[in-house]
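Enquirer: Handing you this structure, nothing more for now.
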Amino acid sequence: MQFVINGRSLDADVDLRTSLLDLLRDHFGLSGTKKGCNQGACGACTVLVDGNRINSCLALAVQYQGRKITTVEGLTSNGALHPLQEAFVAHDGFQCGYCTPGQICSAIGMANELRTGVPSYVTADVAAEAITVDFDEIRERMSGNICRCGAYNGIIEAISETLGTIPLPEAKDAP
Amino acid sequence: MTPFLYEKVSERGDALSLGTHPGAAYLGGGTNLVDLMREAIARPTLLVDVTGLSCKIEEDEKGGLRIGAGVKNTAVATDRRVRARFPLLAQAILAGASAQIRNMATVGGNVLQRTRCAYFYDDEAHCNKRSPGSGCDAIGGFNRNHAILGASPACAATHPSDMCVALAALDATVSIDGPRGSRDLPLTDFHRLPGDAPEIDTELRSGELITSIVLPSNGFSKRSSYRKVRDRSSYAFALVSVAAALELDGGRIKNVRLALGGVAHKPWRAHVAEAALAGRPATEAFFAEAAEAELRDAKGLRDNTFKIKLAKRVIVDSLVKLSNAKDAPR
Ligand SMILES: Cc1cc2nc3c(=O)[nH]c(=O)nc-3n(C[C@H](O)[C@H](O)[C@H](O)COP(=O)(O)OP(=O)(O)OC[C@H]3O[C@@H](n4cnc5c(N)ncnc54)[C@H](O)[C@@H]3O)c2cc1C
Ligand code: FES
Ligand code: FES
């Protein structure tokens with residue numbers, strides 16, 4: 001099977017039962033993406049596919065051949081942290097750090113969704129053109145990422161500060 | 001996980017002919033099926049990936065919509081026509097699961113996610129749905145999340161879909177294609193009550209494929225809402241949810257739609273309450289009477305009796321808010 005991960009084309013000879021998460025971690029050694037629940041309930045395994053966030057634990061690798069997959073390892077450029085990573089450090093957006101790669105990929109996916117006008121359950125008027133991004137919107141939109149350490153305040157501060165300045169993952173995908 | 005073959009199809013005909021193979025299962029986003037395969041509850045030997053089929057939302061002359069089974073949940077909730085004409089549907093989808101799961105999940109897969117409860121996943125437990133005839137540990141066990149309407153001694157699991165509760169209220173139709181031709185079923189007749197065969201969730205026959213969901217145009221876009229009550233404020237299944245839509249003529253109810261989630265083995269269209277309200281004044285007293293009538297046959301188990309009162313309150317509160325809405329938040 002052929003995959004495009006963090007801008008690189010990679011081949012793998014894997015069992016059809018392999019999840020995208022296990023492909024990343026076990027076959028390509030990209031252990032930044034974490035396995036929490038392995039059943040869609042925690043968000044630790046969040047990666048971006050063509051800029052959209054998904055849970056890689058519920059994905060079969062075979063379904064994602066040829067798609068542009070971005071993991072937390074693909075966010076740095078020339079060794080420099082992504083602005084959102086910087087913000088997580090500055091705002092204590094983690095304690096143990098286990099949920100962090102998922103939180104960061106998820107927040108980038110969320111920024112894309114805001115740009116393309118995806119409403120949320122707390123959006124007052126789903127038919128409105130513009131969405132006001134406030135604390136409740138970020139909380140609701142990030143609810144697919146659980147932090148067992150409860151670093152939520154720092155996580156939301158880091159995201160709020162960075163929102164609007166998060167570069168699209170497409171722009172990062174170039175080799 | 002049992003080994004399987006995988007085919008991604010780009011023509012419906014190919015899907016249908018592969019779908020007749022013994023052991024074949026259609027694959028949408030996989031968010032329910034892959035999980036069930038990992039738990040050895042589902043053991044397909046051939047996965048027919050249908051995410052490349054029916055990926056469009058089309059409109060008819062009257063403003064109704066045909067939503068392809070392959071459209072992602074997020075894409076439905078983001079579509080401008082859905083948000084403007086069927087805001088209830090967008091809200092219900094957005095109340096379900098997480099953004100990541102909604103990005104993966106398809107409309108067809110959402111409709112066909114298993115009716116289930118925690119005992120269904122527990123291979124130490126007795127579950128008639130998982131293993132017919134083995135008994136139900138939920139009925140005498142921990143059953144806070146279970147059904148209060150239409151349950152049977154064999155099963156009290158609830159259908160978890162939020163989207164389907166909105167579809168039930170909106171008179172949606174499920175379009176199906178299969179080895180013996182195509183047919184349409186009202187969404188409210190698509191899912192089954194458990195009876196003595198809780199292992200069968202829906203009326204879909206072997207090899208049949210959902211191709212689209214049809215939403216007829218309606219006059220509800222200004223007064224409709226989806227309210228979901230759960231144990232935490234996001235990313236949890238419904239204890240009770242209410243899809244409500246009202247059309248008023250002066251102070252009277254011209255048209256009303258009500259459906260409940262989290263209370264039954266299927267999305268529960270509240271026909272009794274609707275009939276009680278048609279043509280009546282839109283007042284809290286009538287709303288309460290209708291809610292009472294709908295829940296008259298409800299039965300609680302050890303831990304979920306609270307749902308009966310909760311469902312009535314959420315129905316009344318939803319209708320009060322909708323009837324008071326001036327030029328109505330959509
Ligand atoms: C942690 C978690 C939390 C969740 N919370 C919620 C929630 O709060 N509210 C809610 O509504 N949902 C919730 N869900 C469920 C989620 O919405 C469903 O898993 C999802 O909608 C299924 O869609 P899918 O495309 O991934 O289906 P799949 O898993 O691909 O398929 C599901 C079933 O449908 C069949 N199928 C798929 N497409 C077709 C077709 N076109 N024709 C015939 N058969 C087909 C498959 O064979 C399979 O049996 C949650 C899921 C998880 C994992
Ligand atoms: S590991 Fe995927 S959601 Fe928990
Ligand atoms: S930092 Fe420990 S789980 Fe979030």
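The values are calculated or read from the model by the stated rules, or taken from the named source; none is laboratory data. Since the structure is predicted, the reported quantities are computational estimates derived from the model, not experimental observations. Glycine also receives a Cβ, built like all others from the backbone with ideal geometry; neighbour counts cover every protein chain displayed. With ligands, DNA and RNA removed, areas are computed over all heavy atoms of the protein, side chains included. Shrake-Rupley method; radii C 1.70, N 1.55, O 1.52, S 1.80 Å.
Enquirer: Residues with amide H under 5 Å of A:Leu10's amide H, sequence separation 5 or more or different chain, H placed in the peptide plane at 1.01 Å from N; which?
Expert: Under 5 Å from the amide H of A:Leu10 lie the amide H atoms of A:Phe3, A:Val4, A:Ile5, each far enough along the sequence or on another chain.
Enquirer: Using every Cα-Cα pair within the protein assembly as shown, state what percent have a distance larger than 44 Å.
Expert: When every Cα pair of the protein assembly as shown is considered, 13 percent fall beyond 44 Å.
Enquirer: If you take the alpha carbon radius of gyration of the stretch A:2-74 and divide it by 2.2 N^0.38 Å, what ratio comes out, to two decimals?
Expert: So the stretch A:2-74 has a normalised radius of gyration of 0.96.
Enquirer: Let me ask something else. Of the heavy-atom accessible surface of chain A (probe 1.4 angstrom), what whole percent is carbon and sulfur?
Expert: 49
Enquirer: Taking H as built 1.01 Å from N, whose amide H comes closer than 5 Å to the amide H of B:Ile253, not counting residues under 5 places away?
Expert: B:Gly279, B:Arg280, B:Ala282
Enquirer: Turning to a different aspect of this structure: Tell me, what ³J(HN,Hα) does each residue in the stretch A:93-107 have, in order and in whole Hz, if you take phi through Karplus 6.51 cos²θ - 1.76 cosθ + 1.60 with θ = phi - 60° and put x for Gly and Pro?
Expert: x, 7, 10, 6, x, 5, 7, 4, x, x, 4, 5, 4, 5, 5
Enquirer: Given H placed 1.01 Å from N in the peptide plane, which residues other than close sequence neighbours of A:Lys68 have an amide H under 5 Å from its amide H?
Expert: Sorted by chain and number, the residues that satisfy this are A:Asp50.
Enquirer: Further question: What does the charge dipole of the protein assembly as shown about its Cα centre add up to, to the nearest 20 debye, if the Cβ of each Lys and Arg holds +1 and the Cβ of each Asp and Glu holds -1?
Expert: The dipole of the protein assembly as shown has a size of about 940 debye.
Enquirer: With the dipole of the stretch A:2-74 worked out from charges on the C-beta (+1 for Lys and Arg, -1 for Asp and Glu) around the Cα centre, which of A:Cys42, A:Cys57, A:Leu23 lies farthest toward the positive end?
Expert: Result: A:Cys42, furthest along the dipole toward the positive end.
Enquirer: Using mean Cβ contacts within 10 Å as the protection proxy, how do B:62-73, A:21-32, B:145-156 order, highest first?
Expert: B:145-156, B:62-73, A:21-32
Enquirer: Got a sec to turn the phi values of the stretch B:300-316 into Karplus ³J(HN,Hα) couplings, 6.51 cos²θ - 1.76 cosθ + 1.60 with θ = phi - 60°, whole Hz, x for Gly and Pro?
Expert: Rounded to whole hertz, the list is x, 9, 3, 9, 10, 4, 4, 5, 5, 5, 4, 4, 4, 5, 5, 4, 4.
Enquirer: Among A:Gln103, A:Ala158, B:Ala270, whose Cα projects farthest towards the positive end of the dipole of the protein assembly as shown, with charges put on the beta-carbon of Lys, Arg (+1) and Asp, Glu (-1)?
Expert: B:Ala270
Enquirer: Separation of the stretch B:184-199 and the stretch A:7-84 by C-alpha centroid, Å?
Expert: So the separation of the two Cα centres works out to 37 Å.
Enquirer: Now, a different point. For the stretch A:83-165, what is the convex hull (Cα atoms) projected area averaged across all directions, in square nanometres?
Expert: 4.9
Enquirer: Also, quick follow-up: Build a GNM of chain B with springs between Cα atoms under 10 Å: which of B:Ser217, B:Ser234, B:Ser318 gets the top mean-square fluctuation?
Expert: Most flexible of the set in this elastic network: B:Ser234.
Enquirer: Among the lysines, which fall within straight-line cross-link reach of B:Lys8, defined as a Cα-Cα distance under 24 Å, with same-chain neighbours fewer than 8 residues apart omitted?
Expert: Within the straight-line cut-off, B:Lys8 pairs with A:Lys68, B:Lys56, B:Lys72.
Enquirer: Please determine, in degrees from 0 to 90 and to the nearest 10, the orientation of helix A:152-162 with respect to the longest principal axis defined by the Cα atoms of chain A, where the helix direction is its Cα long axis.
Expert: Here the helix axis deviates by roughly 90 degrees.
Enquirer: Enter the mean projected area of the convex hull around the alpha-carbon atoms of the stretch B:196-240, in nm², rounded to one decimal.
Expert: The directionally averaged projection comes out at 6.5 nm².
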